[in-house]
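Presented below is the structure to which this report refers.
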């Protein structure tokens, strides 16, 4: 692709072009924006190169010689990349008469080995992801061995567009994100979206109380000294929002909930008999994400986590981890997710704590997974700075993964905050701390829900479960009576009294993905019935109102 772009627009400068999970991309510095027509031209030029079956030839150069070579051909970004490398030797690959590129390798033998490919889209990308750097143009593409595989992938992309929560959310009146006056990356929940979120929150509160958690609430703003003690200041400050109070003290909009829960634990002396202590909070946090990485509900600057911290004895640790894993799976199944993948992330390069504690923490997580008989992959070096973690990633209807549940094992913060409990012999000991979320960010989870169900949420989650459509104004009193009966039974209901045709109002209900429409006319009012239309199934006939309500209640309870 890069060779084709250089052939068509020789003045274009090349940045980076890695393989990614579903294909590849390349970042280009080109004055004029790439158009859809340009992508077709690039594809045609790529096919010419493939048809020539040109070999890829590896060459190794000394670092200074490589810098000189790329300076000569005016590839400034490549020069910068080479200067940042510690290697004394640099490898390049050549193909055709005049194209070469910086590449670690290995590589396929020749262009002719490339089979079926497609360029997908163009997006902006800052060099190195830093907003003060030049904005580049990133072309995404994909490639497969067979046309069938490519077609299946392209079809899945089209299906993903239809499920995109960034479009469905505003269309369904759930939320919007960008307000020029408020700033990017901040979510505004509209009434229907607030109902959906409240349903999820209420479910979580009820279930956490059943599982032995205690509810806590912590402040949104806390002194910077707290974050220096926790280590977040040193390891996370570029993502933190700072301010100062009237006394001149530096304060932080909390990016995490854990220090607040630690302070609650420290508020009094603790006995070993009290442990494990499980604190739970639907805690809203704020992180200074770069504009270039914001993405719908998946990456925002203010979001709420279903956050819990468990303080336990060493001998309780493994069982607590297993209980969390069970709780995760129970919760995911309730929301309709049946598939997932698990990763165990180990110590990162920048971290706190002793090697011994990291080993104990990692072993506890790994042993729990093994005892549960759960397959997992090792994600080397991607743990939190204070401890290793288990990530449980959901797989949706399109087999895409969503990061939600996390379990982190932490020996470090209890030491930094001097946490203690009194053991059976009256001596102070240090508890072990587990950080965990089930759904993770509620914003991200709501995005996943919308895309999983294509906006057609299960009945128990639907913000409006029933829409009443009176055929004419004279039926309005009966419609109001039906509404009151439904509301008495905690069924969420709305009335469409607009002066529109019946077909238009039914169509509007379909577009808004409302599970049930009740058509109300003189006959229904006279007989105490409702004519039922079910989304996706059409006319269900007339039924007595009390029977409809009971059937709806049964259906809701089955899903819950």
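Taking region 511-547 as the range and being surrounded by fewer than 17 Cβ atoms within 10 Å (Cβ to Cβ) and assigned to a helix (DSSP H, G or I) as the test, the residues that pass are 511, 522, 523, 526, 527, 546, 547. Can you say whether residue 88 is more than 27 Å from residue 69 (Cα to Cα) and either surrounded by fewer than 17 Cβ atoms within 10 Å (Cβ to Cβ) or touching a strand residue (DSSP E or B) at 6+ places or on another chain (Cβ under 8 Å) (or both), as far as the supplied structure shows? So residue 88 fails the test. Of these, 73, 82, 16, 20, which one is within 13 Å of residue 139 (Cα to Cα), at pLDDT below 95 and surrounded by 13 or more Cβ atoms within 10 Å (Cβ to Cβ)? The unique qualifying residue is 16. In region 173-183, is there at least one residue being more than 27 Å from residue 291 (Cα to Cα), in contact with a helix residue (DSSP H, G or I) (Cβ under 6 Å, 6 or more places away or on another chain) and either surrounded by 17 or more Cβ atoms within 10 Å (Cβ to Cβ) or at pLDDT 95 or above (or both)? Taking every residue of region 173-183 in turn, none turns out to be more than 27 Å from residue 291 (Cα to Cα), in contact with a helix residue (DSSP H, G or I) (Cβ under 6 Å, 6 or more places away or on another chain) and either surrounded by 17 or more Cβ atoms within 10 Å (Cβ to Cβ) or at pLDDT 95 or above (or both). When you check residue 196 against the structure, is it surrounded by 13 or more Cβ atoms within 10 Å (Cβ to Cβ), farther than 22 Å from residue 300 by Cβ, touching a residue at least 12 places away in the same chain (Cβ under 8 Å) and in contact with a strand residue (DSSP E or B) (Cβ under 9 Å, 6 or more places away or on another chain), yes or no? Answer is no for this residue.
Note on region 102-119: among residues that are under 34 Å from the mean Cα position of the chain (by Cα) and buried (at least 17 other Cβ atoms within 10 Å of the Cβ), the one that is farthest from residue 4 (Cα to Cα) is 102.
Within region 528-545, being within 22 Å of residue 477 (Cβ to Cβ) and either free of Cβ contacts under 8 Å to residues at least 40 places away in the same chain or out of contact with any helix residue (DSSP H, G or I) (no Cβ under 8 Å at 6 or more places or on another chain) (or both) holds for 528, 529, 531, 532, 533, 542, 543, 544. Quick check, is residue 378 surrounded by 17 or more Cβ atoms within 10 Å (Cβ to Cβ) and part of a strand (DSSP E or B)? In short, no. In region 365-386, the residues that are not assigned by TED's automatic domain parsing to the domain that holds residue 348 never reach a residue that is surrounded by 17 or more Cβ atoms within 10 Å (Cβ to Cβ) and in a strand (DSSP E or B) with C-beta atoms less than 6 angstrom apart, at least six apart or across chains.
With respect to the stated conditions, residue 491 fails to be in a loop (DSSP other than H, G, I, E, B), in contact (Cβ under 8 Å) with a residue 24 or more places away in the chain and out of contact with any helix residue (DSSP H, G or I) (no Cβ under 7 Å at 6 or more places or on another chain).
Restricted to strands (runs of 3 or more DSSP E) entirely inside region 264-368, those with at least 1 residues that are more than 22 Å from residue 218 (Cα to Cα) are 339-345.
The residue that is surrounded by the most Cβ atoms within 10 Å (Cβ to Cβ), among those in region 23-68 that are part of a loop (DSSP other than H, G, I, E, B) and under 37 Å from the mean Cα position of the chain (by Cα), is 34. In region 114-155, of all residues being in a helix (DSSP H, G or I) and touching a residue at least 60 places away in the same chain (Cβ under 8 Å), the one that is nearest to residue 49 (Cα to Cα) corresponds to 153.
If you go through region 251-274 and keep only what is under 17 Å from residue 312 (Cβ atoms) and buried (at least 20 other Cβ atoms within 10 Å of the Cβ), you end up with 258, 261, 262, 265. Looking at the structure I just gave you, is residue 550 at pLDDT below 90, outside any strand (DSSP E or B) and surrounded by fewer than 18 Cβ atoms within 10 Å (Cβ to Cβ)? It is false that residue 550 is at pLDDT below 90, outside any strand (DSSP E or B) and surrounded by fewer than 18 Cβ atoms within 10 Å (Cβ to Cβ).
Just for region 450-488: of the residues that are assigned to a loop (DSSP other than H, G, I, E, B) and over 22 Å from residue 191 (Cβ atoms), which one is modelled with the lowest pLDDT? Across region 450-488, the extreme among qualifying residues is 472.
The values are calculated or read from the model by the stated rules, or taken from the named source; none is laboratory data. Just so you know, these numbers come straight off a predicted model, no measurement behind them. Cβ coordinates were reconstructed from backbone atoms using ideal geometry, including for glycine residues, and neighbour counts include every protein chain displayed.
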